[in-house]
Amino acid sequence: MIPSHLAPGDTKSLEGDWSEIELHRIANATDPFFEMAFGALWDEFGFKGEMEQADVIADRLNWHPLEPRNGAALRYALVLLTHHGEFVAVRDHTVIVMSEHPGAVVHMSHNLVAKDWRRSGIAGWSRALPISTALECLADLNYPVGSPITLVGEMEALDNSQPDTQIRLTAYEKAGFKMVDPARVNYLQPDFRHPVEIDKTFGPMPVPLCLMLRRVGHELDTTMGGDELLRVVHALYRMYGVGFRESDMKVVMDSLAGYPASSDTIDLLPPTLA
């Protein structure tokens, strides 16, 4: 828990007493805390089709940035927070470094906080943890200190009929995240279903979502270049491509043809106004 890694709007997290919080970085699928961490995520996201299968997660835990996969250096982290052995929060994320990118893109997969710990400030720390993983990964790859880091989340657009979505977007907006203008970018998340289920429906059904970004150190910027956006999305699809069949990735890769040109400028909007 490094204060300088907190987002500009997450300084409330400095006020809590976190001395009895235990942080567990799950090493592999046989780790004694894997079941608690993955189980909590699966119970929350799995039945919605928003969580990768257990075998995909187990493989990701073996990733090391010095052993590139699908043309990218990858480090996956599954981090569990407990208090006297009881579940507090869990998050998972992946650092992606491509040779054609000057820094790291961090895919913020899932973040779940126990009900009794919500509004405590622990969520702010959970949003900051990926920066430590990114710095470790960049150091392993001998990238210079100060290399850019971009945190990326995939989220639903604002829907006033869905209170949970509204709460989530408001929290990330306060934390300094911005949404890539959904009117300009039709981002697709790959189909997370098991291949057998995908084949039963005669092909993948990717999920349209919005991209949420925190460009560390540049949280106040209101635009980004089309070239940077394409690098970010390519990084996400390189990561997904390791665990998904090429045939299931084709539809999302084809969607890149409809993205803004590299020379274009894209607005970064407050998530609750996008």
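Each reported figure results from applying straightforward, stated rules to the coordinates on display, with no laboratory input. As the structure is a computational prediction, the values presented were derived from the model and not from experiment. As a convention, Cβ positions derive from the backbone with ideal geometry for all residues, glycine included, and neighbour counts pool all protein chains shown.
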Exercise for review: Spot the failing condition for S126; the list is (1) of a type outside the set (A, V, I, L, M); (2) surrounded by fewer than 18 Cβ atoms within 10 Å (Cβ to Cβ); (3) assigned to a helix (DSSP H, G or I), and only one is missed.
Suggested key: (2)
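Tell me, please, whether a residue that is in a strand (DSSP E or B) and surrounded by 22 or more Cβ atoms within 10 Å (Cβ to Cβ) can be found in the range 98-105.
From the range 98-105, those in a strand (DSSP E or B) are 104-105; that's our starting set.
The next check asks that each one be surrounded by 22 or more Cβ atoms within 10 Å (Cβ to Cβ); those that pass are 104-105.
The answer is yes, given that some residue of the range 98-105 is in a strand (DSSP E or B) and surrounded by 22 or more Cβ atoms within 10 Å (Cβ to Cβ).
Residues checked against (1) touching a Lys or Arg at 6+ places or on another chain (Cβ under 7 Å); (2) not acidic (D, E):
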{"site": "D55", "(1), (2)": "no, no"}
{"site": "A73", "(1), (2)": "no, yes"}
{"site": "L80", "(1), (2)": "no, yes"}
{"site": "H84", "(1), (2)": "no, yes"}
{"site": "V95", "(1), (2)": "yes, yes"}
{"site": "V106", "(1), (2)": "no, yes"}
{"site": "N111", "(1), (2)": "yes, yes"}
{"site": "A114", "(1), (2)": "no, yes"}
{"site": "I122", "(1), (2)": "no, yes"}
Review point. In the range 22-49, what residues are crowded, with 16+ Cβ neighbours inside 10 Å, in contact (Cβ under 8 Å) with a residue 40 or more places away in the chain and outside any loop (DSSP other than H, G, I, E, B)?
Key: H24, F34, M36, A37, F38, A40, L41, F45
Check your understanding: How many of the residues making up the range 105-132 are among the β-branched types (V, I, T) and under 16 Å from L80 (Cβ atoms)?
Key -> 2
Point to revise | Pair list, Cβ under 8 Å, 6 or more apart: the range 187-202 residue within 9 Å of D248 (Cβ to Cβ), other residue of a type in the set (K, R) and part of a loop (DSSP other than H, G, I, E, B) | key: P195/R245
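Let's see how each residue does on (1) crowded, with 20+ Cβ neighbours inside 10 Å; (2) over 17 Å from the mean Cα position of the chain (by Cα); (3) among the hydroxyl-bearing types (S, T, Y):
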{"residue": "S161", "(1), (2), (3)": "no, yes, yes"}
{"residue": "A171", "(1), (2), (3)": "no, no, no"}
{"residue": "V180", "(1), (2), (3)": "yes, no, no"}
{"residue": "T201", "(1), (2), (3)": "no, yes, yes"}
{"residue": "L211", "(1), (2), (3)": "yes, no, no"}
{"residue": "H218", "(1), (2), (3)": "no, yes, no"}
{"residue": "V251", "(1), (2), (3)": "no, yes, no"}
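Do we find that S147 is farther than 22 Å from Q189 by Cα and among the polar types (S, T, N, Q) in this structure? Show your work before the answer.
Values: farther than 22 Å from Q189 by Cα: yes; among the polar types (S, T, N, Q): yes.
For S147, the condition - farther than 22 Å from Q189 by Cα and among the polar types (S, T, N, Q) - is met.
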Revision key, fill the gap. Over the range 202-220, the set of residues outside any loop (DSSP other than H, G, I, E, B) and farther than 16 Å from V232 by Cα is V207, P208
